[in-house]
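K.L.:
Take this structure first; my questions come after.
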Amino acid sequence: MIEFVSRKERKVANARALKIVRELQKRLEPKYRIDPRLVGSARYNAVVCDDNGVYDMDYQLILTCNCKCFDADIVRKDFFVAFNAIKNANEKVENSTSVITVRVSDNSGKFTADNERFSFDFAIVMEDNAVSYITRRSQDNKYVWNRLPNRNSCTYQKFLSLDYRAQNSIIDKVVERKIIEKTKPKDQRIASCAIFIEEVNNYVGKR
């Protein structure tokens, strides 16, 4: 059933994500030093699962200025190797265009898609002054730095400036729209970040 997933229901997923990040930091240091940042729907508590009860959470792994390598292709490959080294037996690591995904199934043995519970999308990010860049696979199958739009950050600042009741009102609308979008084919869905931006701007514009 497509429905909202509360913070309490995401407790196990949150704990696993934090452990993955800690193990990743240990394995990659001293070559890389990273600061994790929860982003997307989980950040503003608007996570929705699909018909099978599966949901995802998004993280940015921000490279600090103390890193010894900033070559996007090398960075992405190093991180992918590290993720595979620390995964559990019931987890699968996938290397997509712009993120590294860790899928987790509900059993202690081998990963099975039929028993998948949740997944994490980890984006590797480099910040330069006020501009952020993400590793992204290019047409020649190498990873390069791709500039991220900053409008999402601006929108989130608007969201944070609102009182608790206003934030909840926005989130309720975001969740309602996400549930509707989940019923559509993947290639026809409006992205969650676009829904959030639209609803925040709609609310602010009516004030």
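K.L.:
Scan the stretch 1-50 for residues that are within 26 Å of residue 84 (Cβ to Cβ), among the charged types (D, E, K, R), in contact (Cβ under 8 Å) with a residue 12 or more places away in the chain and not in a helix (DSSP H, G or I) and jot them down.
P.N.:
Matches in the stretch 1-50: 10, 31, 33, 35, 37, 50.
K.L.:
To continue, here is another question. Could you tell me whether any residue of the stretch 183-192 is of a type in the set (Val, Ile, Thr), touching a helix residue (DSSP H, G or I) at 6+ places or on another chain (Cβ under 9 Å) and in a loop (DSSP other than H, G, I, E, B)? Don't jump to the end; show me each part of the working.
P.N.:
In the first step, residues of the stretch 183-192 are kept if they are of a type in the set (Val, Ile, Thr); the result is 183, 190.
Within this subset, residues satisfying the condition of being touching a helix residue (DSSP H, G or I) at 6+ places or on another chain (Cβ under 9 Å) are 190.
So of that shortlist, the ones also in a loop (DSSP other than H, G, I, E, B) come out as 190.
Within the stretch 183-192 (the criterion being of a type in the set (Val, Ile, Thr), touching a helix residue (DSSP H, G or I) at 6+ places or on another chain (Cβ under 9 Å) and in a loop (DSSP other than H, G, I, E, B)), the answer is yes, since at least one residue qualifies.
K.L.:
Let me ask something additional. Within the stretch 44-85, take every residue that is surrounded by fewer than 19 Cβ atoms within 10 Å (Cβ to Cβ) and aliphatic (A, V, I, L, M) and give me the one that is nearest to the chain's Cα centre (by Cα).
P.N.:
Of everything passing the filter in the stretch 44-85, 62 is nearest to the chain's Cα centre (by Cα).
K.L.:
Just checking, how many residues over the stretch 159-207 are touching a residue at least 40 places away in the same chain (Cβ under 8 Å), over 17 Å from residue 47 (Cα atoms) and open to solvent by 40 Å² or more (accessible area, probe 1.4 Å)?
P.N.:
Qualifying residue count for the region: 3.
K.L.:
For residues in the stretch 143-153 being assigned to a helix (DSSP H, G or I) and open to solvent by 70 Å² or more (accessible area, probe 1.4 Å), which is nearest to residue 83 (Cα to Cα)?
P.N.:
Our first condition is that a residue be assigned to a helix (DSSP H, G or I); within the stretch 143-153, this holds for 151-153.
The next check asks that each one be open to solvent by 70 Å² or more (accessible area, probe 1.4 Å); those that pass are 151, 153.
Values: 151: 30, 153: 27 Å.
Looking at the filtered set, the residue picked out is 153.
K.L.:
Take residue 73 and tell me if it is under 29 Å from residue 199 (Cβ atoms) and either modelled with pLDDT of 95 or more or among the hydroxyl-bearing types (Ser, Thr, Tyr) (or both). Don't jump to the end; show me each part of the working.
P.N.:
On the way: under 29 Å from residue 199 (Cβ atoms): no; either modelled with pLDDT of 95 or more or among the hydroxyl-bearing types (Ser, Thr, Tyr) (or both): yes.
Criteria not met by residue 73.
K.L.:
Still on this model: Residue by residue through the stretch 76-128, note down the ones that are of a type in the set (Phe, Trp, Tyr) and either assigned to a loop (DSSP other than H, G, I, E, B) or at pLDDT below 95 (or both).
P.N.:
If the condition is that a residue be of a type in the set (Phe, Trp, Tyr) and either assigned to a loop (DSSP other than H, G, I, E, B) or at pLDDT below 95 (or both), then 111 is the only one that fits.
K.L.:
Now a separate question. Let me confirm something: among 131, 144, which residue is without any contact (Cβ under 8 Å) to a residue 24 or more places away in the chain and in contact with a strand residue (DSSP E or B) (Cβ under 8 Å, 6 or more places away or on another chain)? Show your work before the answer.
P.N.:
Working: 144 fails: without any contact (Cβ under 8 Å) to a residue 24 or more places away in the chain.
Exactly one residue qualifies, and that residue is 131.
K.L.:
Is one or more of the residues making up the stretch 154-172 in contact with a strand residue (DSSP E or B) (Cβ under 7 Å, 6 or more places away or on another chain), of a type outside the set (Ser, Thr, Tyr), over 14 Å from residue 60 (Cβ atoms) and modelled with pLDDT of 95 or more? Steps first, answer last, please.
P.N.:
Keep residues of the stretch 154-172 that are in contact with a strand residue (DSSP E or B) (Cβ under 7 Å, 6 or more places away or on another chain), which gives none.
No - not one qualifying residue is present in the stretch 154-172.
Condition check ((1) of a type in the set (Gly, Ala, Ser); (2) crowded, with 18+ Cβ neighbours inside 10 Å; (3) under 14 Å from the mean Cα position of the chain (by Cα)) across all residues:
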residue: 89; (1), (2), (3): yes, no, no
residue: 105; (1), (2), (3): yes, yes, no
residue: 110; (1), (2), (3): no, no, no
residue: 115; (1), (2), (3): no, no, no
residue: 119; (1), (2), (3): yes, yes, yes
residue: 123; (1), (2), (3): yes, yes, yes
residue: 128; (1), (2), (3): no, no, no
residue: 133; (1), (2), (3): no, yes, no
residue: 141; (1), (2), (3): no, no, no
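The values are calculated or read from the model by the stated rules, or taken from the named source; none is laboratory data. It should be emphasised that the depicted structure is a prediction, and the values quoted were computed from it without experimental measurement. Heads up, the Cβs are rebuilt from the backbone with ideal geometry, glycines too, and the neighbour counts pull from every protein chain shown. We work out accessible area using only protein heavy atoms, side chains counted, and drop any ligands, DNA or RNA first. Shrake-Rupley method; radii C 1.70, N 1.55, O 1.52, S 1.80 Å.
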